[in-house]
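J.: Here you go, one structure.
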Amino acid sequence: MSLDYRVVIGCEIHCQLLTKTKAFCSCENRYGGIPNTRVCPCCLGLPGALPRVSKEYVEFGIKAGHALGCRINNFSKFDRKHYFYPDLVKGYQITQFYTPLCEEGEVEVNLASQNEEPKFKKIRIERIHLEEDVGKSLHIEGSHSYIDFNRSGVPLIEIVSKPDMSTPDEAAKYMQTIREILKFIGVTDGNLEEGAMRCDANINLKVFENGKEYRTPISEIKNMNSFRTVRDACAYEVQRQLEEFKTDRQEYSADFKRTMGWDEASGKTVIQRTKNSALDYRFMREPDIPSLMLSREYIDSVCKTVGELPAAKRERFKKEYGLSQFDVETLTAERSLAEW
């Protein structure tokens, strides 16, 4: 049975920031090293320890929002997101659920192949919020697992797109564009192998049959840390949902979502759990951190430090030096090279 369908993809990108300290304490923010040596009562969630927001953390969030075309809000606040997992030491994660720092942005993604003239598509960004990372679970062959809390409290931004992508390749190129911009402005090193940037893709299909439109249930493919994985996992999930629609049609519900993982060895998505509502997380106001009240003058002063972005620099290099698209993309791949 042949069906007409349209793919709908939205991405949530978690990006670690290059601040000197963690988000809410003075522990060093650095990858690797001896496990559980860069921790304190605050990032270990010990009773009585109180978080304090890093100024550099907020400034990096403002820079990222400005570079991605967002409105920076004068007022934002922190919330608690509750769930159980061994590496979440407090039993909740500090985030910004109700009032994020940044909203309503967009980026232009170049969908053209190499050496072709640019072909841009705008992807809207719904919000960028500040949140802390969790510890890292280490599963050793055999019967033991260990937890390294050095990553607990590392500052993150979560960039939530609108569902504007319609192919797996667009999703991969969107992640690549976000990485390029944020790495260029110096708020992240974008090291994918170290998990500095991870993507969750929400994907479903609009299926057209006999003049009627149906929608498949949304799958959220978690923790993808390469462009190829995003492309391959989304491509597989499209076919899996299409086959499921043909054989076991399920009704779409806005409150129902399947959490999937990507099994690299088998080349398949695998179901991890289902969730029926964001209320599973029991969000509540974070009582230990005051609201962020930022003046417009302060926000503007931070935004001015961002400088010229890669896309604008490419266009300027083309006009001023008569360079080809390949040349300008090569010269703007790294900020140090572009400035040289």
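J.: Limited to the range 290-323, what total is found for residues that are open to solvent by less than 50 Å² (accessible area, probe 1.4 Å) and touching a residue at least 24 places away in the same chain (Cβ under 8 Å)?
T.: 11
J.: For the range 195-217: of the residues being acidic (Asp, Glu) and farther than 21 Å from Asp232 by Cβ, which is nearest to the chain's Cα centre (by Cα)? Spell out the reasoning first.
T.: Taking the range 195-217 and keeping what is acidic (Asp, Glu), we get 200, 209, 213.
Retained after the next criterion (residues that are farther than 21 Å from Asp232 by Cβ): 209, 213.
On the way: Glu209: 34, Glu213: 30 Å.
Among residues in the range 195-217 that are acidic (Asp, Glu) and farther than 21 Å from Asp232 by Cβ, the one nearest to the chain's Cα centre (by Cα) is Glu213.
J.: Take the range 224-262 and flag every residue that is within 30 Å of Gly190 (Cα to Cα), small (Gly, Ala, Ser) and either modelled with pLDDT under 90 or not in a loop (DSSP other than H, G, I, E, B) (or both).
T.: Ala233, Ala235, Gly261, listed by residue number.
J.: Let me ask something else about it. So Pro287 passes all but one of these: (1) open to solvent by 100 Å² or more (accessible area, probe 1.4 Å); (2) not in a strand (DSSP E or B). Which condition number does it fail?
T.: (1)
J.: Sticking with this structure for a sec: Mind listing whichever residues of the range 193-216 are surrounded by fewer than 18 Cβ atoms within 10 Å (Cβ to Cβ), in a loop (DSSP other than H, G, I, E, B) and either touching a Lys or Arg at 6+ places or on another chain (Cβ under 9 Å) or among the basic types (Lys, Arg) (or both)?
T.: Scanning the range 193-216 gives a single hit, Gly195.
Quick grid of which residues meet (1) open to solvent by 70 Å² or more (accessible area, probe 1.4 Å); (2) under 21 Å from the mean Cα position of the chain (by Cα):
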site: Ser26; (1), (2): yes, no
site: Ile34; (1), (2): yes, no
site: Val39; (1), (2): no, no
site: Leu46; (1), (2): yes, no
site: Leu50; (1), (2): yes, no
site: Val53; (1), (2): no, yes
site: Gly61; (1), (2): no, yes
site: Gly65; (1), (2): no, yes
site: Leu68; (1), (2): no, yes
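J.: Same structure, new question: In this structure, does Ile125 turn out to be over 22 Å from Gln325 (Cβ atoms), under 13 Å from the mean Cα position of the chain (by Cα), buried (at least 23 other Cβ atoms within 10 Å of the Cβ) and modelled with pLDDT of 95 or more? Please lay out each step first, then the result.
T.: Numbers: over 22 Å from Gln325 (Cβ atoms): yes; under 13 Å from the mean Cα position of the chain (by Cα): yes; buried (at least 23 other Cβ atoms within 10 Å of the Cβ): yes; modelled with pLDDT of 95 or more: yes.
So Ile125 fits the description; yes.
The values are calculated or read from the model by the stated rules, or taken from the named source; none is laboratory data. Treat the numbers as computed from the prediction; the structure is a model and nothing was measured. Cβ coordinates were reconstructed from backbone atoms using ideal geometry, including for glycine residues, and neighbour counts include every protein chain displayed. We work out accessible area using only protein heavy atoms, side chains counted, and drop any ligands, DNA or RNA first. Shrake-Rupley method; radii C 1.70, N 1.55, O 1.52, S 1.80 Å.
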